[in-house]
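Reading through the structure tokens given below for one structure.
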Amino acid sequence: MSNSSLNLSPHYGFIAVLVASILWGTTGTVASYAPNLSPLAIGAIAMGGGGLLQALLAHRNILGHLPQIRSYSPLLLVGMISVAIYPLAFYSSMRMAGITIGTVVSIGSAPLFTALLEKFFDKKALSLKWFISFIFGVAGVLLLSIGESHSQSSSQSITTDQKTLGIILGLIAALTYSLYSWAAKKMIDRGVDSRASMGLIFGFGALILLPTLFFTGSNLFDEPVNLYVVGYMMLIPMFLGYLLFGYALQTISASTATTLTLFEPLVAAFFAVLLVGERLAMIGWIGMVFIFVCLAVLSKKDKSN
């Protein structure tokens, strides 16, 4: 099957990732409405359920690519294992380090991991404009993190050990996020339909994730709000968000896509302040401006391609 990305504009991919980032940016705030539900359970059912929905939606596309599965099975294996690890690390990071810091570390360091994967495995050179956008983005998320952490101590009792472990888990989430994004992009570039690529990676990942609910989701049905939270997370950010992300990978590189998702921490901070009651110091608002500069630079780069 030929890759249809040749007929698609990178501008649509750019917009698709930004919309997906807005959806993903709501996850930390929504998860906070189910404080008694384990973040491991939230991650497993949200990513796992969303993954199964993607596989079901793309089942015909997947069947068409099964005869060639051996040719891309290493990429599929990397992708599915990364999908299984990512949500467990990500939601645990947010619970232990705070919504904004967990999101910032997980998403903020992912572009660098992805760029390194492309550089060492795909021999892609890092452009100056990508580097500039990355510097602004990382500076922005760091300032955002500092601004949030200054005020967090007055509203949440997070110990230094908890925050450190949360940051480590965030880095693990960033690496696995980069790995499955890179693997999906490589499969798409090899001619695998984008929906089949995402459906295979997330569908197999779901088979690993969902059984963990037997150990982490014992209180899933204790409160109706738990079902509302995981239902929203599964259908909107995970299913719809990753459909948009898979579409975007047809037209833009994995490093560009993950850099664009630096918009997610900004959205997460906005909702955390507006709905959860977290406070953001002035330096955090400056960080938001830096993130917008990052997106503006990256947008200019994509338009010039």
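Here, each number is a calculation from the coordinates, and none is a lab measurement. Quick caveat, the model's predicted, so the values are computed rather than measured. Here Cβ is always computed from backbone atoms with ideal geometry, including for glycine, and neighbour counts include all displayed protein chains.
What to note about this one:
- Each residue of the range 52-65 is assigned a 3J(HN,Hα), and the resulting list reads 5, 4, 5, 5, 5, 4, 9, 4, 5, 5, 5, 4, x, 9 Hz, derived from the Karplus form 6.51 cos²θ - 1.76 cosθ + 1.60 (θ = phi - 60°), x at Gly and Pro.
- Amide proton proximity set for D193, modelled H, under 5 Å, gap of 5+: none
- Inter-site label distance for L142 and L77 at 7 Å from Cα along Cβ, in nm: 3.8
- Taken over the range 20-303, lysine pairs spaced eight or more positions apart, or on distinct chains, with alpha carbons under 29 Å apart number 27.
- All distinct Cα pairs of the range 2-137 go into the 1/r average, and the inverse of that average, the Kirkwood radius, is 17.6 Å.
- Karplus-derived HN-Hα couplings along the range 214-230 (A = 6.51, B = -1.76, C = 1.60, θ = phi - 60°), whole Hz, x at Gly and Pro: 4, 9, 10, x, 5, 9, 4, 9, 5, 10, x, 4, 4, 5, 5, 5, 5
- The phi-based Karplus calculation (6.51 cos²θ - 1.76 cosθ + 1.60; θ = phi - 60°) puts the 3J(HN,Hα) values of the range 170-182 at x, 5, 5, 4, 4, 5, 5, 4, 4, 5, 6, 5, 5 Hz, whole numbers, x for Gly and Pro.
- For V192, net neighbour charge (Lys/Arg +1, Asp/Glu -1) across residues whose Cβ lies under 15 Å away: +4
- Normalising the Debye intensity of the range 136-263 to I(0), with uniform scatterers on Cα atoms only, and taking log10 at q = 0.22 Å⁻¹ returns -1.30.
- Proxy reagent accessibility, fewest Cβ within 10 Å first, across M80, M282: M282, M80
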